[in-house]
Each structure stands twice: as C-alpha cells, then as structure tokens.
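A.B. asks: Structure incoming, see below.
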C-alpha cells in the first residue's frame, strides 16, 4: 500500500443499512484498480430496425474477430427494437441480429436477420463509446446469416467470455454467493464480483407455472439474504421467490440492463406469463428505470405489481459528498447524486397503467449533519416521498422502522402479504 494511503482513512456515509462506515484507504485502492479496468472498456449501442410486428424475441450477437477467425463473445435478447448495448474491451467486432420467430434461441434461415453494415468491422478503442450501430433486419429471401448461433446449447453459452451471470439457477438463500460479504464486494469491487461471484436472477425453488413469481431486488451493498425474513413470511403455496443479485457499485443503468438480460432469458426458457417485483432502497431505482425500457412482453400479461421499500427516489446527498471528496468514486454514486442525469431519467416516462405500484417508506431516524432532514437513519423522507413517486403510487404506507429494520418488520411482512393476496 502506498504511503499516501497507509495512514489515510476516509469517513463516509453509505446509505446501505444506515451505518456510519470507516472506510480504509485499502478499499479505495481496490476500487481504483476496478475503475482502471472499467475505463478500458467502451459501450456499443444501436437499434434494431425493421422488426416484424409479431413481438418475438430479438437476439443481438457480438462476435470478436481475430487472426484465427471469429468467436461469439456476447449476446442479448430484447422484446422491443428501441435499443441494444454491450460493454467490451478494445478489439475488432461484428454485430449480428435475428428475430427468433419460434423462440428456440437458435437461428433458422427462415427468420428475419441482419448485420451492422454490409457487414462492417467495428473497431473498439479503450474508453471510446460507439453509438448508432443500427442493424436493419431483412426478410429471409433477401439475407441469410453466415453464422448459425444456437444459444439453446449449453456448450455455446459456456464458451462465451461472459461473467458468471445466472438466468434461473435454483439455489438456497443460504448460498455463500448471497452473503453480506459478497454485497460489499459488489459495491467496492464490481468487476471482481461479476467474474468471481457472477450475479443474475436466481430461483429459490424449481419454476412452477401454477405459482406467481415474486422478484426481490436488494439495495446498495446488499445481497439476497437481506430478504430472508420477508421471504420466510411469503405464502409459498401461491408465490415463488426469485432474487436478483448484482454488483451495486456499477452504474444503475448497467444494473438495469443486467436484470433485463436475465428476465429476457427466463421469458424465453420458461414462458413466464406474470411476475411481481419487490425492491428495497436503490433496487427500486434500478427497476423503475428498467420499466421505462421494457417491451411488449412486460405488459398487463406479465408484470402485475411493483412494490418499493425505503427507496431514495430523489437520490442521496452522501453520494454527492463521495463524488466530491472520495479518493475514488464508486460508479453508482454518480447516479445517486440528487438531480443527476440518471435521477432525472427515472420518471422520464409515466408508470404504465397496467402496473399497480405501492410505496412503502421508513421513518425511524434522527436528523444529523449529513442528513439534516427527517429520515430513516439513512435516507431522508423527502427523498423517499419524492412527489413523482407518490403520484404513481396506488397506496402509500409509512413504518416506524429504520432503513434496515424495515426488512425484518412483522408489520411490513403483513402489509406485503395483504398486497400480494390481491394478485
């Protein structure tokens, strides 16, 4: 450790758990290394044009070119054609897309397909984002792909240079990947989290079409084990719990994209017809942002209900302090700064009428020098009760709990069960 950091300790408030944390310089050194890796990547963005009106999955594939040929390195599935994106290191790439008409995750020559360009080689340089990489789908009598991707094959997916992202693995909530330690790794070392722990969407029991899935999304520095009490009080005869585990240090748009990718995979593989979302703290922002970008599959036949607990809808002032004064900045802090571009985008579009939204907030806290307003020990009531969120809510409940105890509250468990029984 450098001498500049050996005696340095940075006092910082994180809005995870309502705790004051003394963060050592070592944590910032690890974070700085992670940020160096992130800075070497670039975003590739574009739209899929000329899709049919059949509301079928649109599969976008990214191939990396080398002296020995080309290799499929990443893919994503969409249900609307307004945009796709990848994050990749420097290299030469080829973008391919097809409409998966029969939803088997494999390309057939009878399906609409297309390339970026004619096709064109995409050269990615460190830190230089590429946009407008639009792909025009062509009918099968005009274009046939040279590639024959089959994403239904486990061998194909295993060979991808993707992090260990899960799409419906059945696990126990006690799994070590869900420990509190992994939540901290996800906050401070998000790249390490993605490649060592993985993340994604997990099932806590085999998928059952007769039960309604309830997806639980944790907040900053959290893990699926944060939900233990509330999941244990869920009516498992009618509902099946899913959990989304993600590195909360990444940009929130990236977290939303990771969730969208996981959900799209599960829609195709399990033919899901309905699900419910319950999110805590920053997790509410992640999913509300995603609602702005989901497609036809997430309509009245799929997403029924959205519930948030103690979500900082207007951001958190501590994030501004971290951005202004920390020796290294956790990427998600940038999005948690009040009135940041991300914050402004959350309510860019109104909540669809077919989604019932319920707002639960916590109020057991005292004003302090960092949060001088009424708060729950971590997030101000003003942020939790942002007017745009209130206007979207079908009903609002307040609980005499702090930011963490709201997850272990019998009153909260009873209220959630009352809400769920309606669906």
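The values are calculated or read from the model by the stated rules, or taken from the named source; none is laboratory data. It should be emphasised that the depicted structure is a prediction, and the values quoted were computed from it without experimental measurement. Here the Cβ is made from the backbone with ideal geometry for all residues, glycine too, and neighbour counts use every protein chain on show.
A.B. asks: Going by what's in this entry, would residue 219 be described as part of a loop (DSSP other than H, G, I, E, B), buried (at least 19 other Cβ atoms within 10 Å of the Cβ) and either in the same structural domain as residue 74 (by TED's automatic domain parsing) or touching a strand residue (DSSP E or B) at 6+ places or on another chain (Cβ under 6 Å) (or both)?
C.D. replies: Details: part of a loop (DSSP other than H, G, I, E, B): yes; buried (at least 19 other Cβ atoms within 10 Å of the Cβ): yes; either in the same structural domain as residue 74 (by TED's automatic domain parsing) or touching a strand residue (DSSP E or B) at 6+ places or on another chain (Cβ under 6 Å) (or both): yes.
For residue 219, the condition - part of a loop (DSSP other than H, G, I, E, B), buried (at least 19 other Cβ atoms within 10 Å of the Cβ) and either in the same structural domain as residue 74 (by TED's automatic domain parsing) or touching a strand residue (DSSP E or B) at 6+ places or on another chain (Cβ under 6 Å) (or both) - is met.
A.B. asks: So, in region 89-104, exactly how many residues are more than 14 Å from residue 70 (Cβ to Cβ), without any contact (Cβ under 8 Å) to a residue 60 or more places away in the chain and surrounded by 19 or more Cβ atoms within 10 Å (Cβ to Cβ)?
C.D. replies: Selection size over region 89-104: 3.
A.B. asks: Being within 29 Å of residue 333 (Cα to Cα), at pLDDT 85 or above and in the same structural domain as residue 53 (by TED's automatic domain parsing) narrows it down to one residue among 132, 136; which is it?
C.D. replies: Numbers: 136 fails: within 29 Å of residue 333 (Cα to Cα).
Just one listed residue meets the conditions, 132.
A.B. asks: Name, by its number, the condition in (1) touching a helix residue (DSSP H, G or I) at 6+ places or on another chain (Cβ under 6 Å); (2) surrounded by fewer than 24 Cβ atoms within 10 Å (Cβ to Cβ); (3) not in a helix (DSSP H, G or I) that does not hold for residue 293.
C.D. replies: Result: residue 293 fails condition (1) only.
A.B. asks: Taking region 114-141 on its own, how many of its residues are assigned to a strand (DSSP E or B), surrounded by fewer than 19 Cβ atoms within 10 Å (Cβ to Cβ) and free of Cβ contacts under 8 Å to residues at least 40 places away in the same chain?
C.D. replies: 1
A.B. asks: OK, next. Just name the residue that is nearest to the chain's Cα centre (by Cα) out of those in region 34-50 that are surrounded by 14 or more Cβ atoms within 10 Å (Cβ to Cβ) and modelled with pLDDT under 80.
C.D. replies: Applying the filter and picking the extreme gives 38.
A.B. asks: Another question, then. So, of the residues in region 1-27 that are touching a strand residue (DSSP E or B) at 6+ places or on another chain (Cβ under 9 Å), assigned to a helix (DSSP H, G or I) and more than 15 Å from residue 221 (Cα to Cα), which turns out to be modelled with the highest pLDDT?
C.D. replies: Out of the qualifying residues, it is 25.
A.B. asks: Quick one: how many residues across region 355-380 are closer than 26 Å to residue 276 by Cβ and without any contact (Cβ under 8 Å) to a residue 40 or more places away in the chain?
C.D. replies: Of the residues in region 355-380, the ones closer than 26 Å to residue 276 by Cβ are 355-363, 376, 378-379.
In the following step, the residues that additionally are without any contact (Cβ under 8 Å) to a residue 40 or more places away in the chain were identified as 363.
The number of residues fulfilling the criteria is 1.
A.B. asks: Looking at 304, 271, 211, can you tell me which residue is surrounded by fewer than 21 Cβ atoms within 10 Å (Cβ to Cβ) and on the phi > 0 side of the Ramachandran plot? Spell out how you get there, then give the answer.
C.D. replies: On the way: 304 fails: on the phi > 0 side of the Ramachandran plot; 211 fails: on the phi > 0 side of the Ramachandran plot.
Of the residues listed, the single one that is surrounded by fewer than 21 Cβ atoms within 10 Å (Cβ to Cβ) and on the phi > 0 side of the Ramachandran plot is 271.
A.B. asks: Quick one: which of 234, 252 is touching a residue at least 60 places away in the same chain (Cβ under 8 Å) and touching a helix residue (DSSP H, G or I) at 6+ places or on another chain (Cβ under 7 Å)? If you could, list the steps in order and put the result at the bottom.
C.D. replies: Values: 234 fails: touching a helix residue (DSSP H, G or I) at 6+ places or on another chain (Cβ under 7 Å).
None of the other options fit; the residue is 252.
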